[in-house]
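Everything on this sheet refers to the single structure shown next.
The values are calculated or read from the model by the stated rules, or taken from the named source; none is laboratory data. None of the values given here were measured: they were computed from a predicted structure. Cβ placement follows ideal geometry from the backbone for every residue including glycine, while neighbour counts extend to all protein chains displayed. Each accessible area value is taken on the protein alone, full model and side chains, heavy atoms only, with ligands, DNA and RNA left out. Shrake-Rupley method; radii C 1.70, N 1.55, O 1.52, S 1.80 Å.
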Amino acid sequence: MIPRNVKGCWNSGYCGVGCPTNAKQGALLTTIPGALDHKAQLFHGLRAERLVMNQDRIDHLLASAMGPDGVTPSGITVTLKARQFVVAASAIGSPGLLLRSQLPDPYHCVGKRSFIHPVNATVARMPAKIDPFYGAPQSIYSDEFNFKAGTDGPVGYKLEVPPLHPAMAAGVVPGHGQPQRDNLGQLPWMQSVIALLRDGFHPDSPAGTVSLRDDGSPVLDYPITDYLWQGLRKAYLTMAEIQFAAGAEAVQAVHLDSGWYTSWNQAKDAINQLPMKPHRARLFTAHQMGGCGMGADPKNSVVNGFGEHHQVANLSIHDASIFPTSIGANPQLSVYALAARNSNRLAQKLRKQG
Ligand code: SF4
């Protein structure tokens, strides 16, 4: 079972699009009010544009205030000065901010070794209604295939059972136009399994790179290698076999060339023939990690084990960008744990400095 941080959950199944009852104990209800109670100030509607250095320290952050739509700059620039800066802008946003700021990066580590746990999926038509949009979402997982082959063998994958809320399912359920409409009409009987590939542990899984577009926004280039394609095919097979074993009437790989298969043998033969290439297999990710990796050696890392930047004295990074590899698990708890540990240490250090 996956533990859930909820209080008084109504099991409505809406977690992925915002909890209507405040049962989900997200940062909006926990850490942010806690920080405000301790005199933190919250500035919202700002986009961090650039950290500006003076000698070996960050002097200030330049931010753009957004207009009423929340995404278009209003033309107003805000300058934030602080003694210490902590970046937590995500595994894509944090390297993006460091690159835009042209901070020291003598070994070209920023934006490198970005991981995503590439994900593929199968859907199954079950004989009874299971209403996959209700109830506590994604409560079951399996690591049976995750760590078995170590780091030298084929890529491992974690299996999870995602919720199929209609708004999310429409992006996953196979087909376009009428076929997709027909599939979505079957949603109450539909079940899905997803596989999250544990990327970055093998030389043939070399990770992606974050760079900047012309407008300064960050973009991730992530190569799906033959090694990963083999893992994705194997994952389709595993997920289909599990679904038939659980009584599915039919299974479809979430792949443009897959039909509905009505037996495990038919699925096995067909999945083994599917072209494993971009824009045919539908892949997605919810776990971005790395890009400002931590390590003891500045030659291959951006921050040390406490999230402190190797070259900039008053800059720390406390988010998933400091993971040196992917982790093969949903990263939220590890991000919280690292941030709590590193923030406590930083607070002690700053208190000592007076
Ligand atoms: S299932 Fe999720 S969205 Fe619904 S009440 Fe519980 S925590 Fe909130």
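Listing for the model above:
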item: Length gained when the stretch GLU249-ASP143 is fully extended (0.36 nm per residue, less Cα-Cα span); result: 35.6 nm
item: Å² of accessible area per residue within the stretch 108-247, as computed with a 1.4 Å probe and no ligands counted; result: 45 Å²
item: Euclidean distance between Cα centres, the stretch 10-82 to the stretch 172-227, Å; result: 27 Å
item: When the chain is reduced to its Cα atoms, the Kirkwood hydrodynamic radius in Å; result: 22.4 Å
item: Long pairs among LYS129/LYS277; LYS24/LYS81; LYS7/LYS234; LYS158/LYS268, criterion Cα-Cα beyond 27 Å; result: LYS129/LYS277; LYS24/LYS81; LYS7/LYS234
item: Nonlocal amide H pairs with GLY26, under 5 Å, H built at 1.01 Å; result: none
item: Protection proxy ranking, peptides 13-21, 29-37, average beta carbon neighbours within 10 Å, highest first; result: 13-21, 29-37
item: Positive-end residue of ALA136, GLY185, HIS117, charge dipole of the stretch 89-208 with Cβ unit charges; result: GLY185
item: In nm, spacing of pseudo-spin labels at THR151 and ARG345 (7 Å Cα→C-beta vector); result: 2.0 nm
item: Volume in Å³ per residue [convex hull over Cα atoms, computed for the stretch 1-42]; result: 92 Å³
item: Cα lying deepest toward the dipole's positive end in the stretch 226-290, options VAL254, TRP229, TRP264, charges on Cβ; result: TRP229
item: Amide H contacts of ARG50 (H built 1.01 Å from N, under 5 Å, at least 5 apart or other chain); result: LEU62
item: nm² value of the averaged projected area, convex hull over the Cα atoms of the stretch 117-273; result: 10.9 nm²
item: Length released on extending from THR325 to THR30, taking residue separation times 0.36 nm less the Cα-Cα span; result: 103.4 nm
item: Computed label-point distance, nm, for sites ASP182 and SER263 using a 7 Å Cα→Cβ extension; result: 2.2 nm
item: Dipole magnitude of the stretch 74-233, debye to nearest 20 (Cβ charges: Lys/Arg +1, Asp/Glu -1, about Cα centre); result: 360 debye
item: The stretch 12-63, dipole about Cα centre (Lys/Arg Cβ +1, Asp/Glu Cβ -1), debye to the nearest 20; result: 120 debye
item: ASN11-ASP214 pseudo-label distance in nm [points 7 Å out on the Cα-to-Cβ vector]; result: 5.4 nm
item: Sulfur and carbon atoms: percent of accessible area, the chain [1.4 Å]; result: 55 percent
